[in-house]
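Undergrad: A single structure is presented below for examination.
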Amino acid sequence: MPTRAPKPIYTKIYTDFSQLPALLTRDEVAWWFRVSVITVDNWVRSGKLKPVKIGGITRFNKSELLEVR
């Protein structure tokens, strides 16, 4: 059985935090902090990060991430 190449988690490259959109996905948060998505989920459960739910979609406010960092 042929092996598939792993799907890239995050393909757009930002060099500066100011270039990121105002609301970030889990993958973008994980990429920025250089942690796994599981770590981001753990931070949400522990209260370190507060997600914003928009129509069932979870996003993270960029301004709140500045306080965590």
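Computed from the coordinates by the stated procedures, all read-outs in this text should not be read as laboratory data. If you're wondering where the values come from, they're calculated on a predicted model, not measured in any experiment. Counting neighbours? That spans all protein chains shown, and the Cβs are built from the backbone with ideal geometry, glycine included.
Undergrad: Given labels modelled 7 Å from the Cα in the Cβ direction, how far is it in nm from LEU23 to THR58?
TA: Placing both labels 7 Å along Cα→Cβ, they lie 1.5 nm apart.
Undergrad: Continuing with the same structure: What are the residues whose amide H is under 5 Å from the amide H of LEU49, where those residues sit 5 or more places off or on another chain and H is modelled from the backbone?
TA: Amide H neighbours of LEU49: VAL44.
Undergrad: Could you give each residue of segment 36-45 its phi-based ³J(HN,Hα) in whole Hz, using Karplus coefficients 6.51, -1.76, 1.60 with θ = phi - 60°, and x for Gly or Pro?
TA: In residue order, the calculated couplings are 7, 5, 4, 5, 4, 4, 5, 5, 5, 4 Hz.
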